[in-house]
Amino acid sequence: MATDDLTADAAARRGWPRPFRPRIGARLGYLLHAGLATNRLYARVAAWLERRPRAYAAFTTVERVTKQELFGCRMCGQCALPATGYTCPMTCPKQLRNGPCGGVSASGGCEVHPELPCVWVVAYERSEQAGHGADLDLLQRPVDQRLRDQSSWVNYWQGRDEDLWTAADAEGARPLLHRELGLHPVGGVR
């Protein structure tokens, strides 16, 4: 991209997202997530919602409003918040799911919106502070655009996001859903 294309004005004209600093702490995010871990009740609720389009739409609207306010959520339908210190990577103007681009300033500023901190710098700081820094080592798969605007909670409770991260690496890293957060996918820990 040409340098002119990376200005905040050009990004705004294109409708690119703006880096967003979450409004709740990462530790609180992990705690809340543990309370919403997949279980039989939530799987039944998710199945019930999917059979009732109006209820699903209402549930998804509440999820959208809440997560937009707290995390700047872009409703990708496959939430990466638990692996990024509860910082939404989709608020990166380039929507990078695996760490910062090469344009992060020395002070940690976003290349596109220099007045704002890079989403990935914020994710790193929050993950480290919450004791989950290793989660950022996981390689996330590309966003499945077919899931956009769907409820990520329903998808999570139905086990559709078990493969958001690539297989464990040689050092033994495991996807966050398999860590000791009480977040176990259907079928148990791999």
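No lab work stands behind these numbers, since they all come straight from the coordinates. Quick caveat, the model's predicted, so the values are computed rather than measured. As a convention, Cβ positions derive from the backbone with ideal geometry for all residues, glycine included, and neighbour counts pool all protein chains shown.
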Check: Long-range amide H contacts for GLY109: which residues qualify at under 5 Å (H placed 1.01 Å from N, peptide plane, sequence gap of 5 or more or a different chain)?
Finding: CYS118
Notebook entry, point to check: Which whole-Hz couplings ³J(HN,Hα) result when phi for each residue of the stretch 21-33 is put into the Karplus expression 6.51 cos²θ - 1.76 cosθ + 1.60, θ = phi - 60°, listed in order with x for Gly and Pro?
Noted result: 8, x, 9, 10, x, 4, 4, 5, x, 5, 5, 4, 5
Next item on the list: Within 10 Å, count the other beta carbons around each residue, average over each peptide in 73-79, 55-61, 131-137, 112-118, and list them highest first.
Entry: 73-79, 112-118, 131-137, 55-61
Check: Expressed as a whole number of Å, what is the distance separating the alpha-carbon centroids of the stretch 19-34 and the stretch 46-91?
Finding: 14 Å
Check: Hey, what D do you get for the stretch 3-167 in µm²/s if you plug the Kirkwood alpha-carbon radius into Stokes-Einstein at 10 °C and 1.306 mPa s?
Finding: 96 µm²/s
